[in-house]
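The values are calculated or read from the model by the stated rules, or taken from the named source; none is laboratory data. These numbers were taken from a predicted model, which means no experiment stands behind them. Positions of Cβ are backbone-derived with ideal geometry, glycine not excepted, and every protein chain shown enters the neighbour counts. For accessibility, only protein heavy atoms count, side chains too; no ligands or nucleic acids. Shrake-Rupley method; radii C 1.70, N 1.55, O 1.52, S 1.80 Å.
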Amino acid sequence: MAKRLEGKVAIVTGAGRGIGAAHAMALAMHGAKVVVNDPGVNRDGTGSSNVADDTVAAIKKAGGVAVANYDSVATTEGGEAIIKCAVEKLGGIHILVNNAGFLRDKTCWTMTPEEFDLVVKVHLYGHFNTIRAAAPIMRQQRWGRIINTSSEAGAIGNFGQINYSAAKEGIVGLTRVVGRELGKYGVTCNAIRPQAATRMTMTEDVLSNIANMMGLKDAKEAEKAFIAMSAPEHISPILIFLCSEEAANVNARVFNVGGGKFGLYNEPEVIASVEKAGQVWDAEELIKEMVAKVTGNLKNVSPVQPPK
Ligand SMILES: NC(=O)c1ccc[n+]([C@@H]2O[C@H](COP(=O)([O-])OP(=O)(O)OC[C@H]3O[C@@H](n4cnc5c(N)ncnc54)[C@H](O)[C@@H]3O)[C@@H](O)[C@H]2O)c1
């Protein structure tokens, strides 16, 4: 049987390790030629290394075709260079997987503007920069698949991650727009909120929680258990589905993926309201009506606590 992605060229950003490396391998094993993009930065975005070469070597060893690229997704020039690499070295661009990113966690009162900016640049701009460069080609050839990477962080409001959550929810909005703009040209754009055991998630706190929850001896055992339950390889099959013709109708959607589960999110909708069409409400009246009909049963997600 022919491989599903034979003849296709794919880019995976941040594919030197973690989820991106698993994505690149999966696409290559289904026949796509893959640009493995990654400047190999540390968990906080500093430094550089040649992890992209490691993924390329693994793909070649497994019989696939891949080239490395070390540009940053965080700049306009970087985004353009990544797409150019696919076109010049592999002959085109059909599948774009935006996955790259790093963290700078702080609360809203301790985060510096620079820390906020860096994370928005790598995640939200990182998606815009590559999509902007790939879209004219995909539109012209009337086929393309764009898979973006959001996170549960913004959906649940993860403490200490305003920059990351803002960027990741921005990616959801961007996905809805790009899907609508490019859909008529045979290009789909969807997003995933993945969960996997990588250096991003295997922090001391997480491992010690897992150890406690599962009654394990230490962090080493917790790490093994976490990887067994939620390896990055658990995420990547969704790419093959979203690239398939069976998913041509799946556009501007968001999926929850991890640990063997693939779920479709609903789209936001108004769940309760009061209305006086075309009239300006008196504020006192609105307060009464809101409490009575819309917000009265809500619980504060972070109730007031006595000062320490
Ligand atoms: N691991 C999870 O459970 C989880 C949960 C939600 C979202 N995500 C998202 O999934 C994606 C992959 O995360 P991961 O867990 O594999 O993390 P990871 O740290 O293992 O991998 C991220 C990769 O992105 C690369 N990268 C960083 N800055 C880059 C830049 N400017 N240009 C190109 N590449 C760059 C890094 O070098 C790294 O190899 C990220 O977008 C992350 O936010 C992960």
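Quick notes
- Ranked from largest to smallest solvent-accessible area, with a 1.4 Å probe on the protein heavy atoms, F102, F128 come out as F128, F102.
- Here the accessible area of the range 1-80 is 52 percent carbon and sulfur, with a 1.4 angstrom probe and all protein chains present.
- Taking a Cβ cut-off of under 11 Å around G40, the surrounding Lys, Arg, Asp and Glu residues balance to a net charge of -2, with basic ones at +1 and acidic ones at -1.
- Residues whose amide H falls under 5 Å from that of D38, counting only those 5 or more places apart or on a different chain, are G14, A15, N69, Y70, D71, with hydrogens built in the peptide plane.
- Based on protein heavy atoms only, the range 96-143 ends up with 50 Å² per residue of surface accessible to a 1.4 Å probe.
- Sequence-ordered 3J(HN,Hα) estimates for the range 255-268 from the Karplus curve with 6.51, -1.76 and 1.60 and θ = phi - 60° stand at 10, 9, 9, x, x, x, 10, 10, x, 9, 6, 7, 8, x Hz, glycine and proline given as x.
- More than 33 Å apart - percent of Cα-Cα pairs taken over the chain: 30
- Area of W281 that stays accessible when all protein chains are in place (1.4 Å probe, Å², to 10): 60
- Annotation for T110 and E181: the two label points, set 7 Å from Cα along the Cα-Cβ direction, are 3.7 nm apart.
- Label reach from M290 (point 7 Å along Cα→C-beta): in the range 245-284, amide nitrogens under 20 Å belong to 269-284.
- Remark: accessible surface ordering of E275, E284 (largest first) is E275, E284, probe radius 1.4 Å.
- Relative contact order for the range 141-295, counting Cα pairs under 8 Å that sit 6 or more residues apart, in percent: 23
- Partner aspartates and glutamates for K106 [C-alpha distance under 18 Å; skip if fewer than 8 residues away on the same chain]: D44, E114, E115, D117, E152, E169, E204, D205
- A248-L298 FRET efficiency (beta carbon distance; Förster radius 25 Å; 0.05 resolution): 0.05
- Amide hydrogen neighbours beyond the local backbone of N256, cut-off 5 Å, H modeled: R193, G263, L264, Y265
- The GluC sites (Glu not before Pro) found in the range 195-273 that occupy coil by DSSP, while having at most 16 further C-beta atoms within 10 Å, are E269.
- Across the range 300-308, computed HN-Hα scalar couplings (Karplus, 6.51 cos²θ - 1.76 cosθ + 1.60, θ = phi - 60°) run 4, 5, 9, x, 4, 10, x, x, 7 Hz from first to last residue, x flagging Gly and Pro.
- Put simply, the amide H of I93, placed in the peptide plane, has no neighbours under 5 Å, leaving out anything fewer than 5 places away on its chain.
- Helical segments meeting 20 Å axial Cα length and Kyte-Doolittle 0.0 threshold in the chain (DSSP H): 162-182
- Simple Cβ-charge dipole of the chain, Lys/Arg +1 and Asp/Glu -1, about Cα centre, in debye nearest 20: 820
- With a Förster radius of 41 Å applied to the beta-carbon distance between N266 and E80, the computed FRET efficiency rounds to 0.70.
- Within the chain, percent of DSSP bridges classed antiparallel, to nearest 5: 15
- Simple spin-label estimate for F159 and T201 in nanometres, 7 Å along Cα-Cβ: 2.0
- For the range 225-308, accessible area per residue (1.4 Å probe, heavy atoms of protein chains only), Å²: 74
- Solvent accessible area, Å² - R17, 1.4 Å probe, full protein context: 70
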